[in-house]
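Please read the structure below before turning to the comments.
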Amino acid sequence: MSKSTKKNHSDDEERELEQFDKLTCSGAIYIDDSDDDVYVLDDDAKMLNLIDEVLRESDIANQSQKHLSSQQQSPPQQQKSTLQQQPQPLQEQPDGFRLRNTPLNEVLHQVTSTQEHSISDLPYPDGVVRLTHMMGEKEDRNSCLTFRDLIQPDKLRKALLTTFVLDMEWMMPHFNPKTKLVIVKSYNPKCEACGASQSDSGRVTIVHPEFGKQRYPIMHSKIMLLFYDNYVRFVASSANLIEIDWSILQNIVFIQDVRLDPKKNFAPTEFGTTLTQALRDLSAPEQVVSQIIHMDLSRVAVHIVTSVPTVEGRSKFHADAYGLVRLSQIGRQLRQQRNGANGADVLDPMNTEVFCYGSSMGRLTNKFLCDFFCSAMGVSWNELQQKSGNRATIRNIAQRVKVGFHTNNQGNTNKFGPSSRVCIKFNPDFFYADTYPVSTLHKIEPAVSDTLVHAKVVLMRTGSDRLHGWMYLGSHNFTPGAWGHMRNTGRSRFFVNNYEFGVILPGVHFETMFGRDSVTWNGARIPLPFKLAWSRYNDSDIPCLG
């Protein structure tokens, strides 16, 4: 019978050993002991029933994540409808580490120092929100930035950019002549072909994503992946690649820098999976998509919301939910996370308001506003009725959505004139329709006086004090074509017209003190393109029609 011995360690040594075990299990230390589906419903189905179906299973997010994680791991094989997961290689030993005969406290110091050093090298390691710099205004890099500030052309090696409108003559001089660019843009399928083409001796690749059989083909997403020597800058914004969107129209940008290591496969994340899906839906080259697994996305806290045309004629869908359906998944997840602290309060629709702004206004109805509200809260219509009783009528819930839009007077008096106003679009036929919910329209006050806002923003403010919630920013205007709606085409179906892309920032805190707005996320201030206080349209007000 062998006799086991147990060595007594000091408290400090025990803590070090626990740290060592955690670091080893997580892969931070390596010891070398040898040297698409579209939601199709029946004729009588409604959007609220669709949300009921999506939210019925409480573990839907986990099930979806397990299925989608494999997509981030491997590129799609040609002429196959499913994606197969590839085995991950073993974690490589970090450069400069010699663990043999090295004291444990020194190893731990090396690991911690290396991790802190790599993060400190990143300009935006935790993500920030910035506004585009307006012509004639003072530059404050804590709240705004120029296009050149964003891309850092002297350090940039290659880039993926997506845009609805493209001005090559304005954009190209911002980049180093040797920087390789992939540009995904909108196009007219009646006179231009889907697919990729190259110019400038292969330096520039133009991609036209796939459209289906749709009357208005729109690729409206605005994403950037900017590749530098040892990191990638992720950007989601409301700005096109044209001069006015970076000079005389107020746009909004989310930026986060993540470490890039081509020799390492990082663990899949929800963010990485949904980004992979979004890029494949946009027909981005696989050479770009395959880099996501080499990005350390562990510090990314935002959630991606995409839209893709859900029309007949598309060959493949890479995600399981788009538009409002995807929003409802995220809303459900965020609401469940807050349940422990203030769950009853959050479930009450009368303690929740949703503020929606876009530069283009769609054909809104009370039904669409109600669908949007339910999706934003992450609750089904049945849950709202059980909680609120008779208060939960479609019209009543629709009034919890505040729709912001410039007035006609603001459009006429903006200091940049007609060249700015032309980008603020509201179809008069929509506004004057008998079914348009005029009572939900609100005036906004731009952060920069006498200018027009092109940003697309949703603020979800909940709780009895309205101090907590989340924020969306990206390319989605407040239109059914961008977010999706029920459409009868022989059989009822959830219909999305546009390609769109945006991010949701969870855990946002809203407050106004001494007349000044204070909006914070992740410990940092968020500059908004407008003031938090919105006022309802007067009887004499009309929107900026065009």
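Would you be able to tell me the number of residues in the range 503-525 that are β-branched (Val, Ile, Thr), over 18 Å from residue 142 (Cβ atoms) and within 18 Å of the chain's Cα centre (by Cα)?
Qualifying residue count for the region: 2.
If you go through the range 120-138, how many residues are part of a helix (DSSP H, G or I) and touching an Asp or Glu at 6+ places or on another chain (Cβ under 6 Å)?
Count: 0.
Restricting to the range 517-546, name every residue that is of a type in the set (Ser, Thr, Tyr), in contact with a strand residue (DSSP E or B) (Cβ under 8 Å, 6 or more places away or on another chain) and closer than 28 Å to residue 417 by Cα.
Across the range 517-546, the qualifying residues are 535, 537.
Quickly run through the range 231-271 and pick out the residues that are part of a helix (DSSP H, G or I) and either open to solvent by 10 Å² or more (accessible area, probe 1.4 Å) or farther than 23 Å from residue 458 by Cα (or both).
243, 244, 246, 270, 271
Being among the hydroxyl-bearing types (Ser, Thr, Tyr) and either in a strand (DSSP E or B) or within 18 Å of residue 482 (Cβ to Cβ) (or both) is the filter here, so list the residues in the range 274-307 that pass it.
Passing the criteria: 274, 306, 307.
What's the total number of residues in the range 163-219 that are open to solvent by less than 60 Å² (accessible area, probe 1.4 Å), aromatic (Phe, Trp, Tyr) and under 16 Å from residue 497 (Cα atoms)?
Qualifying residue count for the region: 2.
Residue under question is residue 471, and the condition is that it be buried (at least 19 other Cβ atoms within 10 Å of the Cβ) and of a type in the set (A, V, I, L, M, F, W, C); does it hold?
yes
The values are calculated or read from the model by the stated rules, or taken from the named source; none is laboratory data. Owing to the predicted nature of the structure, the values given are computational and were not obtained by experimental measurement. Note that each Cβ is placed from the backbone with ideal geometry, even for glycine, and that neighbours are counted across all protein chains shown. Just so you know, the surface numbers come from the protein's heavy atoms only, side chains and all, with ligands and any DNA or RNA stripped out. Shrake-Rupley method; radii C 1.70, N 1.55, O 1.52, S 1.80 Å.
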